[in-house]
């Protein structure tokens, strides 16, 4: 046997003196197995690289990467983008579950069919973004701006959207069930086929909305307190 060829017996017996020096751990008996050059990246490493691409290289570089890679589904769940300027980013079909977009600028961004369940987008600006068929169940949307957005068939089940703005948004076929829209502004919104089952919208603004085949609007005023 050559010096660099190890038998199973020598490894089992802890004869690390036969290992090349670079493959030994300090002290010895346990060999350090080198990672093959062609080993696939772990999902956590891919996620970190994508995050750094967005933060360091910018939206344009990330969008170009997505186009070149065929717009496959990406996992960006649980990441923190607080306060970032991500205007125009294409996150369509992406797993963003549990991610944070608080105070983000997201105008003209695409979240088509994205999974944003249990995400946080407090005071985020989605002006004229596209969120068709996106899943935002149980998201925190406090004071988020969805003015002029395309949100057809979006799912906002269980979300908290106090003081959020949906001015002139298209919410056709959207599911806004079991949600809280206290003081939200739906002025001029399209609510054709939209459902509000078991939702509340105390003091919300529904001026000039377009409504056909909509489920019963949620109560706009809180119940009178018992004297």
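The values are calculated or read from the model by the stated rules, or taken from the named source; none is laboratory data. Predicted model only: the values in this text are computed from it and were never measured. When we count neighbours, we look across all protein chains shown, and the Cβ atoms used for this are built from the backbone with ideal geometry, even at glycine.
Quick one: which residue in 170, 108, 125 is surrounded by 19 or more Cβ atoms within 10 Å (Cβ to Cβ), over 15 Å from the mean Cα position of the chain (by Cα) and within 29 Å of residue 64 (Cβ to Cβ)? Explain how you work it out, then say what you get.
Numbers: 108 fails: surrounded by 19 or more Cβ atoms within 10 Å (Cβ to Cβ); 125 fails: over 15 Å from the mean Cα position of the chain (by Cα).
From the options 170, 108, 125, the qualifying one is 170.
Report yes if residue 174 is farther than 21 Å from residue 103 by Cα and in contact with a strand residue (DSSP E or B) (Cβ under 8 Å, 6 or more places away or on another chain), otherwise no. Talk me through it step by step, then tell me what you get.
Details: farther than 21 Å from residue 103 by Cα: yes; in contact with a strand residue (DSSP E or B) (Cβ under 8 Å, 6 or more places away or on another chain): yes.
Yes; evaluated as a whole, the condition is true for this residue.
Return only the number of the condition from (1) under 21 Å from residue 134 (Cα atoms); (2) at pLDDT 95 or above that residue 60 does not satisfy.
Only one criterion is unmet by residue 60, namely (1).
Within the group 72, 83, which residue is at negative phi and either at pLDDT 60 or above or under 15 Å from the mean Cα position of the chain (by Cα) (or both)?
One residue alone meets the criteria, 72.
If you check 137, 88, which single one turns out to be under 25 Å from residue 189 (Cα atoms), touching a strand residue (DSSP E or B) at 6+ places or on another chain (Cβ under 7 Å), touching a residue at least 12 places away in the same chain (Cβ under 8 Å) and part of a loop (DSSP other than H, G, I, E, B)? Before you say what the answer is, go through the steps one by one.
Values: 88 fails: touching a strand residue (DSSP E or B) at 6+ places or on another chain (Cβ under 7 Å).
From the options 137, 88, the qualifying one is 137.
So, residue 101, is that one farther than 21 Å from residue 191 by Cβ, buried (at least 19 other Cβ atoms within 10 Å of the Cβ), in contact with a strand residue (DSSP E or B) (Cβ under 9 Å, 6 or more places away or on another chain) and modelled with pLDDT of 95 or more or not?
For residue 101, the condition - farther than 21 Å from residue 191 by Cβ, buried (at least 19 other Cβ atoms within 10 Å of the Cβ), in contact with a strand residue (DSSP E or B) (Cβ under 9 Å, 6 or more places away or on another chain) and modelled with pLDDT of 95 or more - is met.
Go through (1) under 21 Å from residue 210 (Cβ atoms); (2) surrounded by fewer than 24 Cβ atoms within 10 Å (Cβ to Cβ) one by one and return the number of the condition residue 156 breaks.
Here residue 156 meets the rest and fails (2).
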